[in-house]
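Beneath this line is the structure, given in structure tokens, with notes to follow.
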Amino acid sequence: MSNDKNFAQRPSDIRNRKSEIAQRPSDIRNRKSEIRMANLNTTLNKTNTYDAIVIGSGMSGGWAAKELCEKGLKTLVLEKGRMVNHLEDYPTMNMEAWEFENRGALSAEDQEKYHIQTRSGFVGESTKHFFTNDLEDPYIEKERFDWIRGNHVGGRSLTWGKHCYRWSDLDFEANTKEGIAVDWPIRYKDIAPWYTYVEKFVGISGEKLGLDHLPDGYFLPPMELNCLEQHFKKEVEKKFRGRNITIGRVAHLTEPQPWHLELGRGKCQNRNRCSRGCPFGAYFSSNSATLPAANLTGNFAIRPNSVVHSIIYDEKTQKATGVRVVDHESKEMIEFYAKVIFCCASTLATTQILLHSTSNRFPKGMGNDSGELGHNLMDHHYRTGAMGVYEGLEDEYYKGRRPTGLFIPRFTNLDDKTKNPNFLRGYDYQGNGGSRANWGRGTNSPGVGAEFKESLFKPGPWNMALMGFGECLPYHENQASLDAEKKDQWGIPLLVLNAKIRENELKMREAMKTDAAEMLSAAGFKDVITFDYAGGLGVGVHEMGTARMGRDPKTSVLNGNNQIHAVSNVFVTDGACMTSASCVNPSITYMALTARAVDFAVSELKKGNL
Amino acid sequence: MNRRDVIISSSWLLGYAVTSASLSTLFLSCQAEAKLDWQPMFLSKNQAATLAEVTETILPKTTTPGAKELGVPQFIDKMLKEVLGEGDQKAFVAGLEQIEADSKTQHGKAFAECSPAERNALLLAMDKAAATQPPSVWGITLAPPQPTDFFRNLKSLTLFGYYTSEEVCTKILSYDPVPGAYIACLPVAEVGNAWSE
């Protein structure tokens with residue numbers, strides 16, 4: 001850290017430093033072998049019997065595996081897709097633009113193969129291998145639904161946005177106060193210690209703000225706001241009481257702690273090529289953190305290419321006894337057995353598995369006494385906000401590609417004073433913040449010739465975009481179900497998605513646009529324009545809610561410990577468990593709920609209750 | 001700056017309907033073939049020759065390399081074959097033919113034979129007339145998919161091929177593959193040209 005501070009004070013050294021740095025990619029390749037952890041154990045036992053089975057290896061599954069293994073349970077992780085070992089399976093992590101076949105663009109053939117995944121805007125030649133082939137793995141859209149998937153070891157933890165924000169009781173109490181859906185069976189105090197627990201292991205950089213509705217956590221040093229962002233912060237905080245500008249709270253190691261270094265994880269180098277996999281293990285993923293930690297215990301095994309068919313239910317004991325899988329390649333059906341099962345396949349895949357796990361006791365799907373399984377599908381609606389150009393600060397620039405932008409916490413409908421009568425709940429903003437335009441500006445600005453060419457070598461004007469992220473309400477009508485006839489290549493009924501944003505969200509979007517434009521204008525931005533192109537539900541890649549937690553088995557699928565009300569040894573801790581959506585990124589909440597549920601499950605197991 | 005790292009913010013990367021139909025037969029020309037020191041994989045030799053002169057007019061050689069020297073025409077020819085959908089391919093080839101037709105009508109000669117001023121004027125007129133690309137953030141286009149105007153596509157591909165080349169990224173722009181520390185505020189003079197990425 002001290003070196004970096006020195007460096008920051010001596011910008012004139014940059015030229016020298018740059019030439020040094022240019023040597024580095026080869027160093028990284030050498031370094032890779034030194035810090036490589038043992039590959040994940042894929043050797044299974046002979047009886048196919050474990051203490052615990054975890055379905056899925058993404059954000060939630062990785063945490064379930066780590067916690068179960070560390071508590072001494074022999075644990076098998078079943079992953080639908082292929083193996084991705086940290087570092088060695090990140091083929092593009094050190095590639096430069098000109099080293100790609102199409103400079104990073106998807107070939108026409110790949111555009112077809114990823115025809116739904118590309119709706120996210122995040123699939124390119126450098127990242128396509130971490131997205132699901134839509135042709136091989138179809139689903140049915142009754143309404144457009146952008147299901148962005150990562151079926152491989154690590155799941156979407158490889159490509160996530162990395163923003164981590166705690167929920168508060170503003171979120172946990174919203175349903176019951178407003179008479180929407182059902183009440184959460186937990187409150188902030190129930191999850192707060194688990195947030196701290198997972199934040200320490202994950203490593204989250206961020207600034208403490210002391211806000212009740214966006215609680216502070218265990219943070220590594222925050223990343224810095226650049227010149228324009230600092231100006232924007234000053235102006236907005238002066239002119240709008242109650243609006244805070246801060247840097248994104250993100251899962252990047254700005255100051256690795258001993259437990260991070262032990263896993264071979266290092267400090268963020270500001271490359272912003274995260275979604276290809278990080279050669280430094282600087283951002284949190286299952287692959288860089290939870291799965292290696294689980295692997296180190298000796299209690300861990302993972303079976304990739306395992307498409308879960310259903311969870312096996314025993315009518316006599318009224319418990320699950322194991323999991324049926326279809327091998328992704330051979331299509332052979334295999335059964336694995338365990339005392340406790342964590343279903344962490346991601347919201348919609350989990351829903352598909354539970355709906356397909358039928359028995360005499362559960363003809364409509366495992367744990368579906370309430371009939372709510374598959375309903376209340378939510379996401380965050382985004383892609384609305386405003387952007388503008390800033391005239392000034394021409395002599396200022398920055399160094400490094402900081403992998404996050406500014407963040408504006410929710411400021412609407414917090415209390416009576418901030419009430420907007422047009423809609424319930426609220427929104428926050430992530431900023432594509434304050435950068436100077438690059439050569440790409442030449443595409444839309446008129447000009448050809450020598451002067452035009454030379455001008456694009458120079459940094460362009462400063463600009464900023466504020467992207468709103470809004471809460472979606474849990475509507476019973478927003479539903480995932482199984483098709484009665486059509487099946488995929490593994491014999492599993494296709495998922496049918498029938499969900500959309502509705503009036504509350506549409507009204508909220510008007511405010512999201514207006515407020516963003518107002519803040520940019522107030523801070524002196526010119527040419528401010530608003531944008532609003534929602535796409536389909538799902539494009540926020542925060543789908544959740546289809547097996548909700550609740551207090552009453554008649555109206556919910558899971559109890560306050562993420563346990564299926566009527567099947568005590570099956571737990572669901574991915575986004576399916578969510579009773580409402582808040583407007584903040586959900587991963588850290590899934591992680592905290594997972595660690596909490598494992599703690600409960602293992603104590604119940606020890607008591608002989610499972 | 002990102003929710004996820006930026007891919008590339010050009011609408012033609014986002015994908016339209018794709019078919020495998022080949023277009024080459026539609027544009028068979030009976031004119032004499034232009035001389036070209038490379039073999040195009042998608043365009044005819046005449047079309048490729050026009051493309052080469054057009055890209056060089058947009059980004060001419062000065063003290064720094066021009067588009068031709070850095071293989072931009074070859075790059076675009078490859079992108080036409082590998083990346084663009086059928087609609088964009090057709091529009092692109094038709095656009096190149098239109099440049100030649102305009103050149104004949106206005107100046108009575110092929111584009112390659114026009115003076116630099118005549119070439120500039122021809123392309124600037126097209127640049128002004130072409131619709132701009134919709135706004136994008138994090139590489140996400142914030143408008144429904146729509147066909148991109150030929151000239152906007154051409155210009156976007158030309159700049160993309162040139163400014164992401166190894167030569168420009170490492171020798172002209174400021175190249176910093178592994179930045180290490182992030183410096184939030186710093187005089188431009190300390191950096192020089194824009195960062196390559």
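The values are calculated or read from the model by the stated rules, or taken from the named source; none is laboratory data. These numbers were taken from a predicted model, which means no experiment stands behind them. Cβ: placed from backbone, ideal geometry, glycine included. Neighbour counts: every protein chain shown. Side chains included, ligands, DNA and RNA excluded: accessible areas come from the protein's heavy atoms. Shrake-Rupley method; radii C 1.70, N 1.55, O 1.52, S 1.80 Å.
So the values come out like this:
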item: Angle between chain A longest axis and helix A:347-356 axis [Cα atoms, degrees, rounded to 10]; result: 20 degrees
item: Counting DSSP beta bridges with both ends in chain A, the antiparallel % (nearest 5); result: 70 percent
item: Those aspartates and glutamates that a straight Cα-Cα span of less than 16 Å connects to A:Lys80, excepting residues fewer than 8 apart in one chain; result: A:Asp134, A:Glu136, A:Asp137, A:Asp327, A:Glu329, A:Glu332, A:Glu335, A:Asp488, A:Asp574
item: Point-charge dipole on Cβ atoms (K/R +1, D/E -1) for chain A, about Cα centre, debye to 20; result: 1060 debye
item: Unmatched cysteines, chain A - criterion: no other Cβ of a Cys under 4.7 angstrom; result: A:Cys69, A:Cys164, A:Cys268, A:Cys274, A:Cys278, A:Cys343, A:Cys344, A:Cys472, A:Cys577, A:Cys583
item: Degrees separating the helix A:227-239 axis from the principal Cα axis of chain A, which is the longest one; result: 80 degrees
item: Computed magnitude of the charge dipole of segment A:130-275 (debye, nearest 20; Cβ of K, R +1, Cβ of D, E -1); result: 580 debye
item: Per-residue mean of C-beta atoms belonging to partner chains within 10 Å, peptide B:155-165; result: 5
item: Where labels lie 7 Å past Cα in the beta-carbon direction, separation of A:Gln489 and A:Glu477 in nm; result: 3.7 nm
item: Phi-based couplings in Hz for segment A:404-420 (Karplus 6.51, -1.76, 1.60; Gly and Pro marked x); result: 7, x, 7, 9, 10, x, 3, 10, 10, 6, 8, 7, 4, 5, 9, 5, 10
item: Derived scalar couplings ³J(HN,Hα) [segment B:181-197; Karplus, 6.51 cos²θ - 1.76 cosθ + 1.60; whole Hz; x for Gly, Pro]; result: 5, 9, 10, 6, 9, 6, x, 3, 4, 6, 9, x, 5, 4, 4, 6, 8
item: Overall form of segment A:101-227 per C-alpha gyration tensor (a/c, 1.5; a/b vs b/c); result: oblate
item: Formal net charge of residues neighbouring A:Thr589 (Cβ-Cβ distance under 10 Å; K, R +1; D, E -1); result: 0
item: Average partner coverage of A:65-76, which counts Cβ from other chains inside 10 Å; result: 0
item: Helix axis angle, A:503-522 relative to chain A longest principal axis, alpha carbon, degrees; result: 20 degrees
item: Residue among B:Val83, B:Pro179, B:Pro147 farthest towards the positive dipole end of segment B:56-197, charges placed on Cβ; result: B:Pro147
item: Sequence-distant lysines (8 or more away, or on other chains) whose Cα lies within less than 21 Å of A:Lys554; result: A:Lys177, A:Lys319, A:Lys364
item: Gain on full stretching of the segment that runs from A:Asp212 to A:Ala38 - 0.36 nm per residue minus C-alpha separation; result: 58.4 nm
item: Order by protection proxy (mean Cβ within 10 Å, highest first), peptides A:474-484, B:89-99, A:209-219; result: B:89-99, A:474-484, A:209-219
item: Where the protein assembly as shown is the region considered: accessible area per residue in Å², 1.4 Å probe; result: 36 Å²
item: Projected area, mean over directions - segment A:297-373, Cα convex hull, nm²; result: 6.1 nm²
item: Separation between Cα centres of segment A:349-366 and segment B:39-110, rounded to whole Å; result: 58 Å
item: Residue-span extension gain [A:Lys419 to A:Phe100] - 0.36 nm each, minus C-alpha spacing; result: 109.8 nm
item: Segment A:69-160: relative contact order as a whole-number percent, Cα under 8 Å and 6+ apart; result: 33 percent
item: Furthest towards positive pole of dipole, B:Pro134, B:Thr50, A:Tyr313, structure part the protein assembly as shown, Cβ charges; result: A:Tyr313
item: Shielding of A:531-541 by partner chains, average beta-carbon count, 10 Å; result: 2
item: Most to least packed among B:34-43, A:51-60, A:524-533 [average Cβ atoms within 10 Å]; result: A:51-60, A:524-533, B:34-43
item: Nonlocal amide H pairs with A:Gly385, under 5 Å, H built at 1.01 Å; result: A:Gly468, A:Phe531
item: The protein assembly as shown - Debye-derived log10 I(q)/I(0), Cα point model, q = 0.05, 0.06, 0.11 Å⁻¹; result: -0.27, -0.39, -1.25
item: Proximal charge balance of A:Ile492 [Cβ under 12 Å; K/R count +1, D/E count -1]; result: +2
item: Distance between modelled label sites at A:Phe457 and B:Glu118, nm, 7 Å Cα→Cβ extension; result: 3.0 nm
item: Evaluated at q = 0.12 Å⁻¹: base-10 log I(q)/I(0), Debye formula over Cα of segment A:464-602; result: -0.66
item: Centre separation in Å (Cα based) which lies between segment A:170-185 and segment A:483-504; result: 28 Å
item: Given B:Lys78/B:Lys109; A:Lys316/A:Lys339; A:Lys162/A:Lys500; A:Lys399/A:Lys513; A:Lys208/A:Lys419, the pairs whose alpha carbons are separated by over 19 Å; result: B:Lys78/B:Lys109; A:Lys162/A:Lys500; A:Lys399/A:Lys513; A:Lys208/A:Lys419
item: HN-Hα J in Hz across segment A:463-469 - Karplus 6.51, -1.76, 1.60, θ = phi - 60°, x for Gly and Pro; result: 8, 8, 10, 10, 9, x, 10
